[in-house]
Amino acid sequence: MSTKNFIYALHLADNALILAQRNAEWTGHGPVLEQDIAVTNISLDLLGQARNFYQYATVLFNGFSDKQKEEVNQFIPRLWKEYHRELQEDDLAFLRDEHQYLNLLITELPRGDWAQAVLRQFFFSAFQFYLYQQLQNNTDQQLAAIAGKSIKEVTYHLRWSAEWVIRLGDGTEESNDRIKNALADQWSFTGELFMPHDYELIDVNTLRESWTKKIEDILSQAGLVLPKQTWMQSGGKAGKHTEHLGYLLAEMQYLQRAYPNSTW
Amino acid sequence: MIDEQHIWNILEDVKDPEVSVLSVVDLGIVRSVKILDDKIDIVITPTYSGCPAMDVINMDIRLKLIEKGFRNITIQQQLSPAWTTDWMSEEGKKKLKAFGIAPPNPKQQFCTSEMFQQEAVQCPRCNSWHTQLISQFASTACKSMYRCLDCKEAFDYFKCH
């Protein structure tokens with residue numbers, strides 16, 4: 001397998017991990033118990049997907065030649081290099097620096113209110129749904145297997161989040177205001193989903209049409225309209241992040257950095 | 001020579017840590033058991049990507065086999081083909097229902113990304129079909145929560161996957 005597959009696996013894992021971490025912030029803070037459990041269940045699914053991708057990335061890396069290892073050196077955590085053992089999934093999650101993360105910017109935006117949370121999930125799940133549909137037929141059999149496994153979970157995430165977008169858009173004046181604000185805040189982060197990057201094995205541009213159709217359909221049921229704004233944020237896929245990712249990593253990685261290699 | 005069927009019988013005693021009435025065989029997550037001389041190779045498949053029970057199940061299988069005197073065991077996880085509730089045994093579905101959890105409907109009935117497409121779920125207590133979804137996600141990722149409009153009880157539904 002080529003180094004491209006390794007970097008792509010990292011990108012897919014990072015997307016899932018960072019959103020899992022954001023959604024996990026809702027633990028104990030959901031608007032009602034059932035939804036608290038729902039959003040954290042989604043977080044758990046995403047964490048599982050991230051683990052599968054990271055595990056695969058470590059298998060690839062540990063099997064690489066020295067030349068290949070050199071090629072992906074920029075993504076390998078510095079601290080691990082002092083460990084003198086094979087690369088493990090946790091090293092990738094807990095020891096990489098901000099600029100080594102390749103997640104989409106939309107996944108790292110702060111938790112926000114409930115409208116922000118469900119709208120982000122909806123945008124992201126719709127994207128994952130169409131992406132995994134293609135990825136499950138990829139020639140990289142392990143990436144295909146993970147996508148085939150995950151798409152069943154994503155189907156539930158998509159339904160759940162779409163129902164919430166409609167419920168808020170079509171709800172009270174307050175809920176309508178909030179989802180409108182969320183839409184205005186997040187829209188400029190959706191363009192990055194479809195901007196191709198050289199390590200991607202799927203041409204994300206081809207997903208745009210199905211994604212947009214799905215979004216338009218749900219927004220219209222919610223009584224909302226697609227924002228007109230066309231200028232889009234980007235950078236996450238290349239490791240250029242918003243200020244929010246650093247804070248997220250500081251919290252998530254604290255333990256492994258303070259007590260390297262600790263287990264419990 | 002170890003008898004393969006004997007190993008399957010032992011696995012019947014390994015329970016899902018989160019749904020204790022189901023064995024790993026009932027759940028359909030044991031994909032294969034292979035015997036080579038004194039070596040036992042078991043392949044299991046996760047239910048959900050993030051299912052926290054998988055590591056426990058892995059260990060429970062190992063401990064149960066060690067308890068029965070087997071030492072040379074490898075347990076591998078395989079993702080593809082992805083686990084589906086269609087692999088759950090009929091016996092397992094009966095056990096679930098008796099335990100108060102509505103068993104999964106056949107997959108073809110449902111499992112689309114379309115919205116508000118409600119599936120008919122039978123109340124495991126009073127058998128009424130007059131039920132209503134409360135939440136798509138319940139105590140574990142593999143269940144959703146329903147209420148019965150006749151007997152008024154809330155219940156878990158092992159959702160199709």
Name the pairs whose Cβ atoms lie under 6 Å apart, with the first residue in the stretch B:122-146 and within 14 Å of another protein chain (Cβ to nearest Cβ), the second of a type in the set (S, T, N, Q) and part of a strand (DSSP E or B), and 6 or more positions between them or separate chains? B:GLN136/B:SER144; B:ALA138/B:SER144; B:MET145/B:SER135; B:TYR146/B:THR131
Test of understanding: among B:ASP16, B:ASP38, B:ASP3, which residue is out of contact with any Pro (no Cβ under 7 Å at 6 or more places or on another chain), at negative phi and surrounded by 14 or more Cβ atoms within 10 Å (Cβ to Cβ)? B:ASP16
On the basis of being under 16 Å from A:VAL154 (Cβ atoms) and of a type in the set (Ser, Thr, Tyr), does A:SER65 make the cut? no
Checking A:ALA13, A:ALA24 in turn, the sole residue that is within 12 Å of chain B (Cβ to nearest Cβ), touching a residue at least 12 places away in the same chain (Cβ under 8 Å), surrounded by fewer than 21 Cβ atoms within 10 Å (Cβ to Cβ) and within 15 Å of the chain's Cα centre (by Cα) turns out to be A:ALA24
Looking only at helices (runs of 4 or more DSSP H) that fall completely inside the stretch A:1-119, which ones have 1 or more residues that are touching a Gly at 6+ places or on another chain (Cβ under 7 Å) and more than 20 Å from A:SER234 (Cβ to Cβ)? A:33-63
Looking at the stretch A:203-211, is at least one residue in contact with a Leu (Cβ under 7 Å, 6 or more places away or on another chain) and without any contact (Cβ under 8 Å) to a residue 12 or more places away in the chain? no
Mind checking whether some residue in the stretch A:88-103 is within 19 Å of A:ASP185 (Cα to Cα), away from chain B (no Cβ under 14 Å) and out of contact with any Leu (no Cβ under 6 Å at 6 or more places or on another chain)? yes
Listed residues A:ALA145, A:ALA184; which is within 14 Å of chain B (Cβ to nearest Cβ) and small (Gly, Ala, Ser)? A:ALA145
Examine the stretch A:150-163 for a residue that is in contact with a His (Cβ under 7 Å, 6 or more places away or on another chain), crowded, with 24+ Cβ neighbours inside 10 Å and within 12 Å of chain B (Cβ to nearest Cβ), and state whether such a residue exists. no
With the structure loaded, tell me whether B:ILE66 is buried (at least 18 other Cβ atoms within 10 Å of the Cβ), farther than 30 Å from B:LYS159 by Cβ and not small (Gly, Ala, Ser) or whether it fails that test. no
Under 6 Å between Cβ atoms, at least 6 apart or on separate chains: pull out the pairs that start in the stretch A:54-82 with a residue that is without any contact (Cβ under 8 Å) to a residue 60 or more places away in the chain and end on any residue that is surrounded by 16 or more Cβ atoms within 10 Å (Cβ to Cβ) and charged (D, E, K, R). A:TYR54/A:GLU89; A:GLN55/A:GLU89; A:THR58/A:GLU89; A:PRO77/A:ASP91; A:PRO77/A:ARG96; A:TRP80/A:ASP91
Give the number of residues within the stretch B:15-54 that are under 12 Å from the mean Cα position of the chain (by Cα), hydrophobic (A, V, I, L, M, F, W, C) and more than 14 Å from chain A (Cβ to nearest Cβ). 7
Would you check which residues across the stretch A:238-264 are among the acidic types (Asp, Glu) and in a helix (DSSP H, G or I) and list them? A:GLU251
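Read the figures in this text as sums done on the coordinates, not as results from a lab. It should be emphasised that the depicted structure is a prediction, and the values quoted were computed from it without experimental measurement. Ideal geometry is used to build each Cβ from the backbone, glycine not excepted, and the neighbour counts take in all protein chains shown.
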